[in-house]
Amino acid sequence: MNRKTISGHESDLPAGAKFHEGIAAGWAQGYTGGSFGRRRACFRALLDRNVEPGKAWLDLGCGSGVLTSELMLRGATVVAVDGSPGMLREAQAGMADEHGSVVTWLQSDVQSLPQLRNAEFDGVLCSSVMEYLENPDAALREAARLLRPGGKLIVSMPPKGSVVRMAQKSVRSASRLFGGNKFPYLAVSRFEVDPGHLRRNR
C-alpha cells in the first residue's frame with residue numbers, strides 16, 4: 001500500500017476531536033459486532049453500489065479507518081481526514097496492506113480543508129461526523145467544493161426524535177443528578193436532522 005501523510009496541527013482541537021482523542025485506542029474493535037457492526041454492513045452495501053476501482057474518494061472524519069479500509073478494498077484512492085491525531089494513529093497502525101491501493105492521511109478540522117483542491121474527488125464519505133461539529137454546514141460546503149461534477153456524497157446524520165438517542169439522553173440526565181456521566185458522547189454530539197425536513201426538500 002502506498003502511503004503519504006499531510007501534516008496538520010494538533011493544537012486547538014475542536015470539541016468533537018478532543019472527545020475522540022480519549023476513545024481512540026481500540027475504537028475499531030467496536031465495529032466487529034453489535035450496532036456498529038450493523039452500521040458497517042450498511043455502509044458496505046452502499047459502497048458496493050457507489051465505489052468504482054481507481055476513483056478518488058475522501059473519507060471525511062475517518063476515525064480509526066474502518067471505512068477507509070472498505071473504500072480501499074473496492075480499489076479507491078483515498079484521502080482520509082480526521083481532526084483527532086489519536087484516531088489517525090490508530091487508523092494507520094491498524095490498516096492492512098491492500099494491493100495497489102493508495103491512502104493519504106490528513107489531520108485537519110473537517111470544516112475547513114484548504115489543503116485540498118476544488119473538484120478533487122469522485123466521492124465523499126462522511127460517517128458519524130456531522131453531529132460532532134460546531135458548524136455542519138461548513139463541512140457540507142467543503143464536501144460540495146471538493147466533489148467533481150456528478151460526484152457522490154454518502155453522509156450519515158442522527159435523526160431527530162431517535163428513540164435510542166432520546167432514551168440515552170434521559171439516562172444521561174438522570175445519571176448526572178447523582179454525579180454520573182452516562183453516554184458522555186452526548187456532551188459533544190449535538191446536531192440532529194429532521195428526516196421529514198429532508199423528504200420535503202428533496
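Throughout, read-outs are computed from the coordinates displayed, never taken from laboratory work. Just so it is clear, the model here is predicted, and its values are computed rather than measured.
Brief remarks follow.
- Listed by chain and number, the aspartates and glutamates whose alpha-carbon sits under 13 Å from that of LYS55, ignoring those within fewer than 8 places in the same chain, are GLU120, ASP122.
- Anisotropy class of segment 101-144 from Cα gyration tensor, a/c 1.5 cut: prolate
- Cross-link partners of LYS169 among lysines, defined as those whose alpha carbon lies under 25 angstrom from its own and excluding same-chain residues fewer than eight positions apart: LYS18, LYS160, LYS182.
- Based on alpha-carbon atoms, the Kirkwood radius and the radius of gyration of segment 35-164 give Rg/Rh equal to 0.94.
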